[in-house]
Amino acid sequence: MMEMGMRMDAPWGAADVFFTFTMWAVMMVGMMSASAAPVLFLFAATRARRADHGVRAAVPMFGFGYITVWVAFSLCATLAQWALHRAALLSSTMAAMSPRLAGVLLIGAGAYQLTPFKRACLTHCQTPLGFLMTHWRDGAGGAFQMGLRHGIYCLGCCWALMGVLFAVGVMNLAWVGVLTLFILLEKFGEHGARVSRIGGVLLVGLGILTFARAFAT
């Protein structure tokens, strides 16, 4: 992937699209698996207590439904990266070359953290038991629907944070780690809602500084 990123002036072929999509899919599943684990374990325990004969199939189907959402997001991220590449807006590290673009991405992600929609999605992610009680479906097909719906709430909570990677570098493992930790803290930390808002303010501030740098140089 880094070798592909170095070919700044080369148009993408089918292999480039495939490997970029694979990179995003693996990265998204890796980043979001930890945040999905509590609800998945709780779902498995609940099915076991109910002595549901479909528990063995239901748990993987729940996970499959959740992963499906993030794989779909990975396709969207791939298309966005392809468009940025064609417009020559990405560096060899797959980060925004323009401080203005990077600033807009950071400000946008930070502002989204402060919206009611973000808070609503975060609330669903913070209360896995409440989610299971209000969205319960029987059978393997029902488990897939539940996983899909939980994934949609999770996507609504975190999609803007993933956009930060276009500002700091898609392959920047340090930022991948920071974002993964931040997602865990805002979802399962004792003061998750406050962490989410503070993170939003910090991202907006960082975006303003990055944007201002474009006029200072």
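The values are calculated or read from the model by the stated rules, or taken from the named source; none is laboratory data. Computed from a prediction, not measured in an experiment: that's the story for all the values here. Note: ideal-geometry Cβ built from the backbone for every residue, glycine included; neighbour counts use all protein chains shown.
When Thr46, Thr93 are screened for being of a type in the set (Val, Ile, Thr) and closer than 23 Å to Phe188 by Cβ, only Thr46 passes.
Residue pairs whose Cβ atoms lie under 8 Å apart, separated by 6 or more positions or on different chains, with the first residue in the range 1-28 and farther than 28 Å from Tyr66 by Cβ and aromatic (Phe, Trp, Tyr) and the second surrounded by 12 or more Cβ atoms within 10 Å (Cβ to Cβ) and at pLDDT 85 or above, are Trp12/Thr20; Trp12/Trp82; Trp12/His85.
Taking the listed residues Gly147, Gly110, the one that is at pLDDT 90 or above, among the small types (Gly, Ala, Ser) and touching a Ser or Thr at 6+ places or on another chain (Cβ under 8 Å) is Gly147, with no other qualifying. List the residue pairs whose Cβ atoms are under 6 Å apart, where the first residue sits in the range 181-209 and is farther than 21 Å from Met28 by Cα, the second is outside any helix (DSSP H, G or I) and among the acidic types (Asp, Glu), and the two are 6 or more positions apart or on different chains. From the range 181-209, no pairs qualify. Screening the range 90-125 for residues that are under 10 Å from Thr210 (Cβ atoms) and among the hydrophobic types (A, V, I, L, M, F, W, C) and picking the one that is surrounded by the most Cβ atoms within 10 Å (Cβ to Cβ) gives Leu106.
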